[in-house]
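Report on the structure given below.
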Amino acid sequence: MLTMTDVIREGHPTLRKVADPLILPLTDDEKKLAYDMLEFLKNSQDAETAEKYDLRPGVGIAAPQLNVSKRMIAVHVPSDLPDETEPQFSDILINPKIISHSVKQTCLSEGEGCLSVDREVEGYVPRNKRIRIEYVDTEGNRQSRRLKDFPAIVVQHEIDHLNGIMFFDRIDPDNPMALPKDLEVLG
Ligand SMILES: CNC(=O)c1cccc(C)c1Nc1nc(N2CCN(c3ccccc3Cl)CC2)nc(N2CSC[C@H]2C(=O)NC)n1
Ligand code: NI
């Protein structure tokens, strides 16, 4: 299983590289990494497992964060409804692409965290409120999804990792709490 020792941190050059597209079909190693990434997220969200293995909770992770410069991300966003067990969005996205997006922007009211960033970075991270993405799943099938709000923020944060972009690159250095017009703060 993956633990925090497998996650590279801010300053590691791989986090600033543009990752390579994956060639299908995935090799067995690539498939195993994909499943391990999704399992990491689920483990990190389970209080007992997270405590036992010292995992930081996350809802998204990108292969470059495991020092694998390939265009693959895993996302596991639980439902925010208490009695709902089905996640809002959970999948492994191979060669994901944002096909289109809303003009409207959004951001998390509490700012963003990242498994590769061991410090609190204040400030709003403006992102598209709605996105349409296309990707290939681990079985090689092309998928198309429309996402909005938190799941959309998470997928944009992880796709940024595939392009060497860190969330704090998107915070206005002069006024981190600046709210661009047409931006709706989430949560
Ligand atoms: C600096 N302030 C903050 O971080 C911040 C501070 C407060 C609130 C938010 C909302 C913040 N922001 C933020 N919180 C998250 N989590 C909330 C807790 N949750 C979680 C925790 C425990 C069990 C299950 C779960 Cl589900 C895990 C996910 N995740 C992200 N991001 C940014 S997009 C990728 C995603 C990611 O997975 N990061 C590791 N940002
Ligand atoms: Ni991150």
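The values are calculated or read from the model by the stated rules, or taken from the named source; none is laboratory data. Note that this is a predicted model, so its numbers are computed, not measured. We place every Cβ from the backbone using ideal geometry, glycine too, and count neighbours over all the protein chains shown. With ligands, DNA and RNA removed, areas are computed over all heavy atoms of the protein, side chains included. Shrake-Rupley method; radii C 1.70, N 1.55, O 1.52, S 1.80 Å.
It is to be established whether one or more residues within the stretch 61-71 are touching a Leu at 6+ places or on another chain (Cβ under 9 Å) and among the charged types (D, E, K, R). Yes, the stretch 61-71 contains a residue that is touching a Leu at 6+ places or on another chain (Cβ under 9 Å) and among the charged types (D, E, K, R). When Ser79 is tested against (1) surrounded by fewer than 12 Cβ atoms within 10 Å (Cβ to Cβ); (2) among the small types (Gly, Ala, Ser); (3) farther than 22 Å from Phe167 by Cα, just one condition goes unmet, and that condition is (1).
As a summary of the residue check, Val121 satisfies the conditions (1) more than 30 Å from Pro25 (Cα to Cα); (2) among the β-branched types (Val, Ile, Thr); (3) in contact (Cβ under 8 Å) with a residue 60 or more places away in the chain except for the one numbered (3). Note on the stretch 156-176: residues that are under 22 Å from the mean Cα position of the chain (by Cα), assigned to a loop (DSSP other than H, G, I, E, B) and surrounded by fewer than 17 Cβ atoms within 10 Å (Cβ to Cβ) amount to 5.
Of the residues Lys31, Lys52, Lys17, the single one that is of a type in the set (D, E, K, R), out of contact with any Lys or Arg (no Cβ under 6 Å at 6 or more places or on another chain) and open to solvent by less than 70 Å² (accessible area, probe 1.4 Å) is Lys31.
For every residue, the table says whether it meets (1) near ligand 1 (Cβ under 10 Å from one of its atoms); (2) in contact (Cβ under 8 Å) with a residue 12 or more places away in the chain; (3) over 21 Å from Asp137 (Cβ atoms); (4) under 13 Å from the mean Cα position of the chain (by Cα).
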{"residue": "Thr85", "(1), (2), (3), (4)": "no, no, yes, no"}
{"residue": "Asp91", "(1), (2), (3), (4)": "no, yes, no, yes"}
{"residue": "Ser100", "(1), (2), (3), (4)": "no, yes, no, no"}
{"residue": "Lys104", "(1), (2), (3), (4)": "no, yes, yes, no"}
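What about Ile153, is it open to solvent by less than 10 Å² (accessible area, probe 1.4 Å) and more than 22 Å from Leu22 (Cα to Cα)? Yes, satisfied.
Taken over the stretch 161-187, the criterion of being free of Cβ contacts under 8 Å to residues at least 40 places away in the same chain and closer than 19 Å to Val103 by Cβ is satisfied by Lys181 alone. Candidates Phe150, Phe89: the one that is aromatic (Phe, Trp, Tyr), away from ligand 2 (no atom under 15 Å from the Cβ) and under 22 Å from Phe40 (Cβ atoms) is Phe89. From the list Pro82, Pro87, which one is modelled with pLDDT of 95 or more and not hydroxyl-bearing (Ser, Thr, Tyr)? Among Pro82, Pro87, only Pro87 is modelled with pLDDT of 95 or more and not hydroxyl-bearing (Ser, Thr, Tyr).
Look at Arg142 and say whether it is away from ligand 1 (no atom under 16 Å from the Cβ) and open to solvent by 60 Å² or more (accessible area, probe 1.4 Å). So Arg142 fits the description; yes.
With respect to the stated conditions, Ser44 is of a type in the set (Gly, Ala, Ser) and either in contact with a Pro (Cβ under 6 Å, 6 or more places away or on another chain) or modelled with pLDDT under 95 (or both).
For beta carbons closer than 7 Å, sequence separation of 6+ or different chains, a first residue in the stretch 41-68 that is without any contact (Cβ under 8 Å) to a residue 40 or more places away in the chain and a second that is among the hydroxyl-bearing types (Ser, Thr, Tyr) and near ligand 1 (Cβ under 8 Å from one of its atoms), the qualifying pairs are Ala50/Ser44; Pro57/Ser44.
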